[in-house]
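The values are calculated or read from the model by the stated rules, or taken from the named source; none is laboratory data. Everything numeric in this text was worked out from a predicted model, so none of it was measured. Virtual Cβ from ideal backbone geometry, glycine too; neighbours counted across all protein chains shown. Protein only, heavy atoms only, side chains kept; ligands, DNA and RNA dropped before computing areas. Shrake-Rupley method; radii C 1.70, N 1.55, O 1.52, S 1.80 Å.
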Amino acid sequence: MKLLIAGDWLYPMYEAAFMRAVQSQGWNVCKFSWAQYFSSIIGKAESKWGLLGPMTLSMNNIFVRKVIQEKPDVILVWRGINMLAMSLKKIKLNRKLTLVSYNHDDFTGPYVGAPTPYHHKLFWKTFLNSSPNYHIHLVKRIDNIQHLNLLGTSRAYVFPMWYVPEIHRPIKLTNEEKARFSCDIVFAGHHEPDGRENYLKSLVKAGLHVRLFGGKYWTPEVLGETAQYFGKVHEVQGDDYAKALSGASMCLCFLSKLNRDTYTRRCFEIPACGSLLLSERTAHLQQLFREDEEAVFFSSVDELVEKALWLKSYPEEINRIAAAGKRRVHADGHSVDDRARQFIELVERVRSTEQL
C-alpha cells in the first residue's frame, strides 16, 4: 500500500514521526510539503485569513500533479486548511484512492463560542468547505465529529494524539545540561490568555525553582514581575524538549482553552520521558491516569502550589508516580507506532468493507 502524506512538515513529532511509524508497518510512504508556499508575506496572509490567492492555487495545482505522479492508494492530508475542494474532486476521479483528513486542532470551537481570535472562522472556512470530499476524517474530539456529520461526512473518528519514542524518552543529563534544564518544575509550551502565567508566578513566589520554555508570546508584559526571573523565553524542540522534561522533578501541563482541550499530547510525552505529569484536572485525564498514582492534577493556583510543595518534600513519591505514569502510557498504547497501526487497520477496514 502506498501512502502520500501532505502537510507543512514543520514539526518532527507530527508528519515525519507518523511517516516513519507507517513505514515500519510495511507501507510505502511519500511526502508532499506545502510550507514553502506559505512562507512569503502573501502566503502567510492567505494561510492566516483563509484567503484564496496565488499561493494557495499554486500549491493545490502542484499537489494534484504530485498525486498523478506518485499514484498513491491513500492520501493523508494533515490539517488541510489550504486544501481546496476542487483539488480533492480532481484526484477522487481515481475510485481506488482513499482520502483521509487528520486534524488535532478544534475547527468547531469558533462556531460554538470558544475564546478564539475573530478571524478563526475564516481560517477554517476552506477546510470545512472541503470536508465532505474526504472519505475518512480523524479528529481529536467528539464535537468535531458531530460538526462534520452536519456538513455531510459519514466516516469521522476520534484519533488521539501520541508520543514519539525516539524523541520522548528519559535522558540522563550531563552537568552542562543540568545547568540548563534541572529544576523543580518546568513548563514547556505556548502562552494563551487563560491565566497560566498566574500559576507560574505563584510557584515562583512559593520558592520553587521553575523553568519556562515557549514561543514569542511569553513576553515581559505577560510575565510581569517574573519576567526578570525567567529571562528571555525560547522554544525547545526534539532532544532539547525531552531534556527539559527529563531535567525537571515535575512537568506542568496546561490545556488549551482555544482548542477546548481535555487532554493534549504533553499528557503522553511527559510520562514517556519518565517524568511526573502535573496537569490541569479534567474528567478525561482522570480516565487516562489514576489521580495521585499515575499523574497529579490541580484545579486552582492554590491546589497546584500546595501539591507541588508537598511533592518536593517527598521525592520518592515523585519517582513512584512518574514510573507508574510511564508504565501506563506504554501499556495503553499511546505511541505514534500504536497510532500508525490503528490508522492502517481503520483504512484497510474502510477500503475493504465500503465502496469509496
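Couple of notes before you dig in:
- Of all residues assigned to the stretch 141-154, at least one qualifies as being touching a residue at least 12 places away in the same chain (Cβ under 8 Å), of a type in the set (S, T, Y) and over 20 Å from E15 (Cα atoms).
- Across the stretch 105-150, the qualifying residues are those that are more than 18 Å from the chain's Cα centre (by Cα), at pLDDT 95 or above and part of a loop (DSSP other than H, G, I, E, B), and the one among them that is nearest to A85 (Cα to Cα) is Y134.
- With a requirement of 2 or more residues that are open to solvent by less than 50 Å² (accessible area, probe 1.4 Å), farther than 22 Å from D338 by Cβ and in contact (Cβ under 8 Å) with a residue 24 or more places away in the chain, the helices (runs of 4 or more DSSP H) lying completely within the stretch 1-104 that satisfy it span 41-49, 54-70, 85-91.
- Elements of type helices (runs of 4 or more DSSP H) in the stretch 278-348, at least 3 residues being more than 30 Å from T98 (Cα to Cα), touching a residue at least 24 places away in the same chain (Cβ under 8 Å) and open to solvent by less than 20 Å² (accessible area, probe 1.4 Å): 301-313, 315-331
- The stretch 264-274, residues that are open to solvent by 10 Å² or more (accessible area, probe 1.4 Å), at negative phi and touching a helix residue (DSSP H, G or I) at 6+ places or on another chain (Cβ under 8 Å): R265
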